Amino acid sequence: MKSIEAKIVVLGAQGVGKTSVVIRYVGKLFSKHVSPTIGASFFTFKMTVDDYRVKLQLWDTAGQERFRSMAPMYYRKANAALLVYDITCRESFENIQSWVDELKKNVEGTIIMCVIGNKTDLVSRREVTREKAEQYADSINALYYETSALTNDGIQEAFLQVSLSLIKLSQTDKSSGLTVYDGSASLLNADGIIEDGIGDMNNHRRRRDSEDSNNASCCS
Amino acid sequence: MAALTEPTLPVQPLPPNDLEEVTPDDLVEEGAPGASEDHMLIAAESYEDINVAIDEQYHRGKDEKDKTKNEIEQSARELSIDDRSTTPSDEGRETPKEEVSSAEGKDRSNSMLGNRDRPQHVEEECYSPEWRQRQKHVFILSEAGKPIYTRHGNEDKLVTTMGVMQALVSFVQDNDDNIRFMIAGSHKFVFLNRPPVILVCVSHSVCFFCFHRFMIAGSHKFVFLNRPPVILVCVSHSAESTQQLLLHLTYVYNQIISVLTFSQLSKIFEKKSNYDLRRLLTGTEKFLDNLINLMDRDAMFLLSAVRCLPLASSVRDIIGQSIAQCKAKDLVFAILVGRDNQLVTVVRMKEHSLHPADLHLVFNLVDASTSFQSAESWTPICLPKFNSNGYLHAHLSYLDEECSACLLLLSADRDVFFELSEARQKIVTRLNKYNCLQAIRESLAKGSYKVAQIGIPDLRHFMYKSKSTAQYTSSELEAPYTEEGERHRLFGMYQYLHHRVHNSARPLKILFHVGSKETMLGWITSGFELYATFGPLVTKPAAINAINKLLRWIKKEEDRLFILNSYTY
Ligand SMILES: Nc1nc2c(ncn2[C@@H]2O[C@H](COP(=O)(O)OP(=O)(O)O)[C@@H](O)[C@H]2O)c(=O)[nH]1
Ligand SMILES: [Mg+2]
């Protein structure tokens, strides 16, 4: 069994649910009162996909304009980028496109892109159609998933597909910058995924300040 | 325990009837409790940023000045028994020029200014939490009149207000006269221009622009702080003095600098004077809100000092050493802060000290957001006193599951996250090995200390600042100050006391204030500031006796309550 270490950057406007998606995936929970990210947060996650032990290092960025100049720090060495928008907010979809342009301009190696339309539970307020978003994702050669951090829809699938793409990339592109090495075997579950632990920082923490309400939406 | 009957005095006892003889210098030579030569923090004075503008105010009007001086000297000599029968003009004298410029005569001016600072006022207010919030309103606008921030409501709805504010400010700026007044409707505006500060008082209690929702009988005080390219405005119905409100505005301003840096802020407005700054400040509102709320209840801002988490000095030493041993590139400061803004330690580059005001902003950052509880974070932060034109890069993380202490590693290099992350891991390992995190958790669980522990009957609460280290200690708030409203009232009393001992051409050294609900004593020497609350019936000699005992106790406990030795990289 081989091991692979990959860096992922999560980009998108403030309030689209980047942190919620990451915490849902890494920490298995959803909080209505997730605090707006300051600067960027760093998560690690380990899992087993196919024949690979995958260690993900995730940069969850803040998405605020004033942190924009810091962004290259996070995406420069990334192997994959999750481009998250809010399906109820057209502006946040347009924001994704400017991120894609920036990545294309500034990232030298291959970077796997995955467009994520979040907040599908709010489908009645949808502003961006699935077709339109899929079409766009195709045009930039990106994966596309719709998710809800609230109902835990689509998130596992998105991360699984990103991981599979990373594995494929490591096999086909030796200059991808992905760290691959031989490691010990591990069992697989039905989904082909085994989560064998959360990284250095435990994300099951008790929240100190439960009424930490904030920025409900990027369109507010 | 023979030592208890025959205590060695760390300080000279106060001669009960002649306080003038206790010169502050005597006390310092004996060593004020908690004094140290350590340079971890910069020994900051209250109002150091706004002293110039304010002090001048007291020297205006020759007669007034002399009168003021005489009264103050006398009150110092008499231990300044400030009972509740003091006449309103007592306060009016402190802002003589404003009084003079108020054309409508003395009564009006007293109601406008005098009552603002009176303890009676503090004691008599009704304190519903909601109403209290409304007591103080803070706005920020750009010099072009664009709204940037409002504490209550929504900036967009306040565009007109902001525009009027801005017009008022330029009206004041354009005038050479230091003092102007203008009447708009039923309001009288009195302006005092002390660049870069403009003070404005509004003398009538009628609805003003959109503020009617929190308007209650009595007058509002408007305080403007003009820090190009932004203007900060505070409209207050609280008892705080103008300096205290200016201090608040200065902190609010510094919070913005902390997010943007001064150079970035000025550049933006140089390029485009009507820029909408809210775009760049998204997400900062909660830090401004939190800061303003904190200032309404935490004495650290007023005292220009920080409170340390009580810890055995041996434990604190291990913590300091452990942090100091884990070096990383360009690491300037490592700050460990416990819950409720209690400092555990600061490790710093030898040549740099931290200003308490910068540390307060760091505390606010940690206090206002739970974002750091879920992961390691990496964010630029500007410490205005350290360098208002540049960022440091902060690695933030809590060190245990309970989130009892947050570690900030501040580096000048933006690319060292992983290095710092490694250093942090080593620190955690060491602190766990020596049970330091456990000690921190225990101290947090235990809280501060009960005043009963000190064994002074009648002493209800106190705050003590060691000036040389810019650190303070205070006992827990106990009955009768357990209710939110009473706590706030007591805080207001401390603000008043602080105002009185700091706020005059020749500061009072000691103030003995007899109120209906408590008696308070404020004392400033060159080594410390002490504010103590007693029951209402305590006599002056008893209070002085108690204070001596208290100082001895603090001296005995100083290793635990203060950081007297810090570590450097
Ligand atoms: N209804 C709904 N709300 C969500 C979802 N994901 C996030 N949110 C909410 O959107 C707000 C912003 O989320 P956050 O994760 O901080 O967004 P970020 O700024 O992109 O990291 C929070 O109030 C979340 O509770 C979702 O899938 N459905
Ligand atoms: Mg976020």
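Summing charges over all other residues whose Cβ lies under 12 Å from the Cβ of residue B:543, with Lys and Arg as +1 and Asp and Glu as -1, gives +1.
Does the range A:1-86 come out rounded, prolate or oblate, given a ≥ b ≥ c as the square roots of the eigenvalues of its C-alpha gyration tensor, rounded meaning a/c under 1.5 and, failing that, prolate meaning a/b above b/c? Here the range A:1-86 falls in the oblate category. Give me the tail of P(r) for the range B:404-466 as a percent: Cα-Cα pairs with distance above 17 Å. Percent of Cα pairs beyond 17 Å in the range B:404-466: 63. Computed from label points 7 Å out along Cα-Cβ, the spacing between residue B:400 and residue B:479 is 3.2 nm. Relative protection proxy for B:408-417, B:348-357, B:267-276, from highest mean packing down: B:408-417, B:348-357, B:267-276 (other beta-carbon atoms within 10 angstrom).
Sequence-distant contacts, meaning Cα pairs under 8 Å at least 6 residues apart, place the relative contact order of the range B:462-563 at 25 percent.
Restricting to Cα pairs below 8 Å that are 6+ residues apart, what does the relative contact order work out to for the range B:313-446? Please round to a whole percent.
Working: 196 pairs, mean separation 38.9, N = 134.
29 percent.
Once you have a ≥ b ≥ c as the square roots of the Cα gyration tensor eigenvalues for the range B:223-318, tell me rounded if a/c is under 1.5, and otherwise prolate or oblate according to whether a/b is larger than b/c.
oblate
Within 10 Å of each Cβ in peptide B:546-556, how many partner chain Cβ atoms are there on average? Round it to a whole number, please.
Mean number of neighbouring Cβ atoms from other chains: 0.
Mean per-residue shielding of peptide B:374-386 is 6, counting Cβ atoms of other chains within 10 Å of each Cβ. Ordering B:558-564, A:83-89, A:171-177 by mean Cβ neighbour count within 10 Å, with the highest value first, yields A:83-89, B:558-564, A:171-177.
Counting every other Cβ atom within 10 Å of each residue's Cβ, A:33, B:137 order from fewest to most as A:33, B:137. Ordered by the count of other Cβ atoms within 10 Å of each Cβ, fewest first, A:130, B:339 give A:130, B:339.
Where Lys and Arg each count +1 and Asp and Glu each count -1, what net charge lies around residue B:393 among other residues with Cβ under 12 Å from its Cβ? Taking every Cβ under 12 Å from that of residue B:393, the sum is -2.
Determine, for B:519, B:525, the number of other Cβ atoms within 10 Å of each Cβ, and report the residues in order from fewest to most.
So the ranking, lowest neighbour count to highest, is B:525, B:519.
Bear in mind these aren't lab numbers, they're just calculated from the coordinates by the rules spelled out. On a predicted model such as this, the values are computed, not experimentally measured, just so you know. Using ideal geometry, Cβ is built from the backbone for each residue, glycine included, and neighbour counts are taken over all protein chains shown.
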